[in-house]
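Inspection log for the structure reproduced underneath, given as structure tokens.
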Amino acid sequence: MSFDILLKGGVLPDGTHADIGLSGGEIAAVEAGIAAEAGETIDVSGHLVSPPFVDPHFHMDATLSYGRPRINASGTLLEGIALWGELKPVQTEEEIAARALDYCDWAASMGLLAIRSHVDTSDEDGLKGVRALLSVREQIRDYIDLQLVAFPQDGLYRAPNARKCTLEALDMGVDVVGGIPHFERTMADGRASVTELCEIAAARGLRVDMHCDESDDPQSRHIEQLVYETQRLGLHGRVAGSHLTSMHSMDNYYVSKLLPLMAEAQVAAIPNPLINITLQGRHDSYPKRRGMTRVREMLAHGIRVGFGQDCVLDPWYSLGTADLLDVAFMALHVGQMTSPAEMRRCYDMVTSESAAILGLDGYGLHKGAAASLVVLDASDPVEAIRLRADRLLVISKGQVIARRAKTPMQLTLPGRQKAIDRRF
Ligand SMILES: [Zn+2]
């Protein structure tokens with residue numbers, strides 16, 4: 001037997017030591033001590049070999065626009081929304097596509113090989129963001145799976161053309177139905193938007209992913225309607241609520257009713273810890289609420305959770321590096337998920353759990369899966385989070401798309417001259 005590529009000596013996320021043979025764009029063998037010919041044999045001894053990182057929540061139409069036309073001085077959600085309103089009319093389709101492609105280069109270099117991006121469908125300018133990202137989705141399809149969500153960002157009913165443009169975007173090939181019920185004019189409008197958007201998804205056989213209750217308002221309960229519609233329309237396992245930050249502030253008794261209903265309808269949750277921790281609680285003095293939903297409690301109820309990045313260098317967030325390990329690191333801290341099992345779970349929530357939310361085919365490191373993986377300068381998933389470990393090799397769909405040599409810092413102190421890489 002011969003392989004296109006053979007990786008020797010890697011450590012899988014479950015701690016197993018195994019060689020991995022890749023052939024014809026698929027994983028052809030995962031076992032210890034493979035002795036076979038290969039087009040290229042790569043020594044990955046002692047390094048974590050992981051399935052790719054998956055970002056279940058991103059905004060690629062806004063990314064890398066930091067400073068255009070000005071920066072968000074306060075860093076608040078409301079100034080971010082105002083700034084996006086200023087940027088939308090002045091940015092061109094070409095500009096959006098070029099920035100998105102630059103971002104995808106960053107993502108590829110970080111082993112981030114599947115991204116669900118919302119795209120604004122409430123602009124009144126001929127859906128230029130949708131056209132730009134549909135074109136980018138085609139250009140990167142050989143190395144990144146990009147799933148697009150039709151997102152009426154200014155409100156399905158609140159913005160004049162949003163309903164029409166959202167339907168048009170879905171006709172053009174956008175994959176998922178989005179929404180923003182807490183931004184509609186009234187709670188009643190928000191509820192109605194959830195119902196209508198879920199019905200649209202059911203009729204078209206599409207998944208749903210809504211920005212849902214992204215506020216500190218304990219009375220913002222659109223998640224309840226989203227769960228109800230999922231149940232009513234039989235959309236089990238195909239619906240996600242993004243952010244769900246109001247759940248942080250909700251009455252505990254009410255949450256004890258809500259969590260089992262989410263589990264029953266198999267509605268997934270997508271917290272975005274980097275952005276939630278910076279945007280929420282801005283109206284509080286002290287004590288100041290932390291803007292993350294109840295991840296531990298969700299996991300205890302069997303609710304699927306995937307962590308998203310949301311923003312990189314855009315009107316809402318002035319930082320970001322396309323590193324899902326930053327996301328897991330923040331989630332672990334804010335969510336106080338510090339037991340060994342919980343830290344390990346945080347890694348799943350930026351890889352396999354998010355892949356399941358996206359419904360990705362062929363994801364994983366088993367025989368027959370797509371030949372997509374990332375090799376990290378770490379021994380295991382928790383160490384990868386601790387170090388925000390360097391990526392040494394990225395393979396997508398059978399092709400090596402990024403690689404670097406391991407180059408540890410050399411200490412030059414007298415008597416302590418050695419290489420330091422902070423692995424433990
Ligand atoms: Zn978002």
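Filter the range 1-26 down to residues that are of a type outside the set (F, W, Y) and over 28 Å from A341 (Cα atoms), then give me how many there are. First the steps, then the outcome.
Let us first name the residues in the range 1-26 that are of a type outside the set (F, W, Y), namely 1-2, 4-26.
Filter once more, keeping what is over 28 Å from A341 (Cα atoms): 1-2, 4-6, 21-26.
Adding up the residues that qualify gives 11.
Restricting to the range 282-304, name every residue that is more than 16 Å from the ligand (Cβ to nearest atom) and within 10 Å of A269 (Cβ to Cβ). Correct list: R294, V295, M298, L299, I303, R304. Can you tell me which residue is surrounded by the fewest Cβ atoms within 10 Å (Cβ to Cβ) among those in the range 217-234 that are among the hydrophobic types (A, V, I, L, M, F, W, C) and closer than 22 Å to G308 by Cα? Only one residue fits best here, namely V227.
For the range 332-346, how many residues are over 16 Å from I275 (Cα atoms) and either within 16 Å of the ligand (Cβ to nearest atom) or surrounded by fewer than 24 Cβ atoms within 10 Å (Cβ to Cβ) (or both)? Reasoning before the result, please.
Start the filter on the range 332-346 by keeping residues that are over 16 Å from I275 (Cα atoms), which leaves 336-346.
With the extra rule that they be either within 16 Å of the ligand (Cβ to nearest atom) or surrounded by fewer than 24 Cβ atoms within 10 Å (Cβ to Cβ) (or both), the set shrinks to 336-345.
Counting residues in the range 332-346 that are over 16 Å from I275 (Cα atoms) and either within 16 Å of the ligand (Cβ to nearest atom) or surrounded by fewer than 24 Cβ atoms within 10 Å (Cβ to Cβ) (or both) gives 10.
Contact map, the range 35-52: first residue at negative phi, second residue in a strand (DSSP E or B) and exposed (fewer than 15 other Cβ atoms within 10 Å of the Cβ), Cβ cut-off under 6 Å, separation 6 or more or different chains; pairs are A36/S2; E37/S2.
Which residue, of T278, T293, is over 17 Å from V227 (Cα atoms) and in contact (Cβ under 8 Å) with a residue 24 or more places away in the chain? Talk me through it step by step, then tell me what you get.
On the way: T293 fails: over 17 Å from V227 (Cα atoms).
Selected residue: T278, the only one of T278, T293 that is over 17 Å from V227 (Cα atoms) and in contact (Cβ under 8 Å) with a residue 24 or more places away in the chain.
Annotation note: of L7, L113, L12, L22, the sole residue that is in contact with an Asp or Glu (Cβ under 6 Å, 6 or more places away or on another chain) and within 29 Å of H366 (Cβ to Cβ) is L22. Looking across G46, G67, G111, G80, one residue alone is surrounded by fewer than 19 Cβ atoms within 10 Å (Cβ to Cβ) and either in contact with a Cys (Cβ under 7 Å, 6 or more places away or on another chain) or in the same structural domain as A159 (by TED's automatic domain parsing) (or both). It is G67. Taking the criterion of being part of a helix (DSSP H, G or I) and out of contact with any helix residue (DSSP H, G or I) (no Cβ under 9 Å at 6 or more places or on another chain), the residues of the range 221-253 that qualify are S249, N252, Y253. Tallying residues that are away from the ligand (no atom under 16 Å from the Cβ), closer than 19 Å to Q153 by Cβ and not small (G, A, S) within the range 196-206 yields 4.
Those residues that are assigned to a strand (DSSP E or B) and β-branched (V, I, T), I need them from the range 101-138; list them, please. Even if it seems obvious, please write down each step before you answer.
Going through the range 101-138, the residues assigned to a strand (DSSP E or B) turn out to be 112-120.
Matches in the range 101-138: I115, V119.
Considering the range 305-331, and only residues there that are surrounded by fewer than 24 Cβ atoms within 10 Å (Cβ to Cβ) and not in a loop (DSSP other than H, G, I, E, B), the residue that is farthest from the ligand (Cβ to nearest atom) turns out to be F329. Counting only residues that are among the hydroxyl-bearing types (S, T, Y) and within 16 Å of the ligand (Cβ to nearest atom), the range 77-119 holds 2 of them. Output the residue which, of all residues in the range 217-238 that are under 23 Å from the mean Cα position of the chain (by Cα) and within 16 Å of the ligand (Cβ to nearest atom), is farthest from D55 (Cα to Cα). So the residue we want is H222.
The values are calculated or read from the model by the stated rules, or taken from the named source; none is laboratory data. Bear in mind that the values here come from a model prediction, so they are computed numbers and not experimental data. Ideal geometry is used to build each Cβ from the backbone, glycine not excepted, and the neighbour counts take in all protein chains shown.
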